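Visitor: If you scroll down you'll find the structure; I have some questions about it.
The values are calculated or read from the model by the stated rules, or taken from the named source; none is laboratory data. Here the structure is a predicted model, which is why all the values come from computation and not from measurement. So basically every Cβ, Gly included, is an ideal-geometry build from the backbone, and we count neighbours across all protein chains shown.
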Amino acid sequence: MTDQRNEKIDIACLALGRLIAAQCPPGFEKAVMALDLHQGRSLVRIVATQDNGWEAQVPLSEEPVQNMLETLRTIQKEMAEEDPRPWKGCTVTLRKGGHFDLDVTY
């Protein structure tokens, strides 16, 4: 992967992490965003975990979901340069302290 492509992916992942975090309750320990792509439809869900272990599905409105999908398309496009397989979905995990993990399902 070129340095420029890595930088584009890093910037998009940072933006996605911020979009996800903005939807979560203050002080969350972990947030997991799941994207399922099925028959041309996109389903986005976020579950936030508090430091006491309490989990809750985060209610999402249309605008943040569209922003997340747009950012994910940017990441997918850049990653397709090395692996052109279509995505079936992905999971993004954020953890306290700024940890970000993206797992793609092909």
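Visitor: Which is surrounded by 13 or more Cβ atoms within 10 Å (Cβ to Cβ), assigned to a helix (DSSP H, G or I) and touching a Phe, Trp or Tyr at 6+ places or on another chain (Cβ under 9 Å), of 16, 37?
Guide: 16
Visitor: Determine if region 23-30 includes at least one residue that is out of contact with any helix residue (DSSP H, G or I) (no Cβ under 9 Å at 6 or more places or on another chain), surrounded by fewer than 18 Cβ atoms within 10 Å (Cβ to Cβ), in a strand (DSSP E or B) and modelled with pLDDT under 95.
Guide: No, region 23-30 contains no residue that is out of contact with any helix residue (DSSP H, G or I) (no Cβ under 9 Å at 6 or more places or on another chain), surrounded by fewer than 18 Cβ atoms within 10 Å (Cβ to Cβ), in a strand (DSSP E or B) and modelled with pLDDT under 95.
Visitor: Quick check on my filter: what residues within region 73-91 are within 14 Å of residue 37 (Cβ to Cβ) and either among the acidic types (Asp, Glu) or touching a residue at least 60 places away in the same chain (Cβ under 8 Å) (or both)?
Guide: 75, the sole residue that qualifies.
Visitor: May I pose another question? For region 70-96, which residues satisfy the criterion of being more than 19 Å from residue 5 (Cα to Cα) and loosely packed, with under 13 Cβ neighbours inside 10 Å?
Guide: Those that are more than 19 Å from residue 5 (Cα to Cα) and loosely packed, with under 13 Cβ neighbours inside 10 Å: 88, 96.
Visitor: Give the number of residues within region 3-45 that are of a type in the set (Val, Ile, Thr) and in contact (Cβ under 8 Å) with a residue 60 or more places away in the chain.
Guide: The number of residues fulfilling the criteria is 3.
Visitor: Just to be sure before I move on: is residue 48 touching a residue at least 60 places away in the same chain (Cβ under 8 Å), among the hydrophobic types (A, V, I, L, M, F, W, C), part of a strand (DSSP E or B) and surrounded by 14 or more Cβ atoms within 10 Å (Cβ to Cβ) in the structure I sent?
Guide: no
Visitor: Please determine, by comparing only the residues of region 51-106 that are of a type in the set (Gly, Ala, Ser) and part of a strand (DSSP E or B), which one is nearest to residue 27 (Cα to Cα).
Guide: Per the criteria, the residue is 56.
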